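Here is the structure we will look at, set down as structure tokens.
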Amino acid sequence: MIGRLNHVAIVVPDLKAAADVYRNTLGAKVTAEEDQPDHGVTTVFIDLPNTKIELLGVLGDKSPITAFLERNPNGGIHHLCYEVPDIKAARDKWVEQGARVLGEPKIGAHGKPVLFLHPKDFCGTLVELEEA
Ligand code: CO
């Protein structure tokens, strides 16, 4: 069973400009940029009282978000991340129910294991699980 909404991720064409919108226009607390070479993205997190927003920028030539940006040149919502207590148990249960899981758990932006679930099986939305 899923728990808290850990974050909503937004792909952006210009990470600095997007961080400025959240920092200056919306007045939110914005973290420094961090490269995530294992995931092909650079991340910035916006801390909100009840959840986080993850801004994703392209890192390298094999970034998994390049195609998304080609389809959505202004950026857009990319995935939702839910917390689960045991990521492997959650995966095994959903795979058994026929859900498509994308790859093996990897260490994500918060130093915890993450895993992605196919949007075709989850209401048209890419779902990230984070062990919490
Ligand atoms: Co994420």
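A few notes on this one:
- Just the protein heavy atoms count here, and of the accessible area of the chain at 1.4 Å, carbon and sulfur take up 55 percent.
- Candidates per trypsin sites (Lys or Arg not before Pro) in segment 53-96, loop by DSSP, up to 12 other Cβ within 10 Å: Lys62
- Per-residue ellipticity at 222 nm from helix content only, as computed over the chain with -39500 (n - 2.57) for each DSSP H run of at least four residues, stands at -4500 deg cm²/dmol.
- Three principal axis extents describe the C-alpha atoms of the chain; from largest down they are 45, 32, 26 Å.
- Cα-based helix-to-principal-axis angle, 87-96 vs the chain, degrees rounded to 10: 60 degrees
- Computed over the chain, relative contact order equals 26 percent, with contacts defined as Cα pairs under 8 Å that lie 6+ residues apart.
- Placing +1 on the Cβ of every Lys and Arg and -1 on the Cβ of every Asp and Glu, with nothing else charged, gives the chain a dipole about its Cα centre of roughly 240 debye.
- Exceedance of the 20 Å cut-off in Cα-Cα distance is limited, within the set Lys16/Lys112; Lys52/Lys88; Lys62/Lys106; Lys52/Lys120; Lys29/Lys52; Lys52/Lys112, to Lys16/Lys112; Lys52/Lys88; Lys52/Lys120.
The values are calculated or read from the model by the stated rules, or taken from the named source; none is laboratory data. Just so we're clear, the structure is a prediction, and the values are computed from it rather than from any experiment. Positions of Cβ are backbone-derived with ideal geometry, glycine not excepted, and every protein chain shown enters the neighbour counts. Protein only, heavy atoms only, side chains kept; ligands, DNA and RNA dropped before computing areas. Shrake-Rupley method; radii C 1.70, N 1.55, O 1.52, S 1.80 Å.
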